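Nothing in this text is a laboratory measurement; each read-out follows from the coordinates by a stated rule. Values in this document were obtained by computation on a predicted structure and should not be read as measured data. Methodologically, a virtual Cβ is constructed for each residue, glycine included, from the backbone with ideal geometry; neighbour enumeration extends over all protein chains shown.
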Amino acid sequence: MSVAISELNLGQRKAGVVEVTREDELLPVALTLAHQPPAAAGGIAILSDEGGQNALACDLFDEMGYPIAVLESGTQERLRELLGPAAAVRNPVDVAGAADSDLGVFGEALRIIVADLDVAGVLLVGLFGGYHLRFSRTFEAVEVEAAERMLRDSAAAEKLVVVHSVYAQEDSPALSLLREGGVPVTPSLDIACRCVEVAVRRRDLSSRSPVWRSGDLPSPTHHEVREGSSPQLDSLTEWQVREKLALHGVEFPEGLFVREVGDLHGRSWESPAALKVISPGIPLKTEADGVLLNV
């Protein structure tokens, strides 16, 4: 059994499969793969406002076998000038009390860090997005401005960004802006580090073979996606879902939707087919004896 499992895992790695074993990882990992670039060459940089979370993130990356970046001396000097003498600037980068007086340091610090050639991406850790909730509503506009800068500078540098925030489940305009920009935002440090890990795996796969991206296909129009679908998403039939996913490049085995036997005239397959009933009123086909195999 252990040999079979090892062979399966090897096959998954060769195929670029990312296995998710926790339900709460599924969406953040999928969003990372869909919207973030593969991790660039180098290690990850950790930027935070809390030293304890920094240490935990370092431990998690160590367990994954993924090194954190060694920041260039020039990068450290620029961070020191920005953050002041109390900050830690070697990586993990801890803004210490600098953010208390100017939340804009998050955006500026990220700009300095992503410019470092040894940095593959940035994991932002701590309270970002919640300063206006924790301290004063006057911080809200500054956090939004910092988030806008993070999106702009990380995109320009083509560097990965993942955000852990203890306020990820709160109403935060800055965090909403980051999510809209394709940045994974999670209240779990474990999941944030996992998102970084899959971006690194994608990078390693990219170095061996081409990676499919949704941008390789023409984007379907809003009309194409909605045409023929039911008003309620949960009432879409399997065939309608298949058509919508095919517009985004998802491949399926050959199939044919028929309403009567005559629709099958002139059609043939090299191997046995499966017949499945398609009806909005029958979501569980096997329970209704609606599947016939080896036809």
Computed ³J(HN,Hα) along the stretch 276-289: with the Karplus parameters 6.51/-1.76/1.60, θ = phi - 60°, integer Hz and x for glycine or proline, the list is 9, 6, 10, 7, x, x, 10, x, 10, 5, 5, 5, 9, 6
Based on the Kirkwood radius over alpha-carbon pairs, what value in µm²/s does the Stokes-Einstein equation return for the translational diffusion coefficient of the stretch 19-206 at 25 °C and 0.890 mPa s? 153
Alpha-carbon centroid distance for the pair the stretch 234-279 / the stretch 130-197, whole angstrom: 42
Where does each of S154, S235 land when they are ranked from fewest to most other beta-carbon atoms within 10 angstrom? S235, S154
Going by amide H atoms built from the backbone, whose H comes under 5 Å of the H on V161, apart from near neighbours? V122
Amide H proximity to A96 below 5 Å, modelled H, separation 5+ or other chain, gives A88
Phi angles of the stretch 39-54, converted by Karplus (6.51 cos²θ - 1.76 cosθ + 1.60, θ = phi - 60°) into ³J(HN,Hα) in whole Hz with x for Gly and Pro, give 4, 6, 5, x, x, 8, 9, 10, 10, 8, 10, 8, x, x, 5, 4
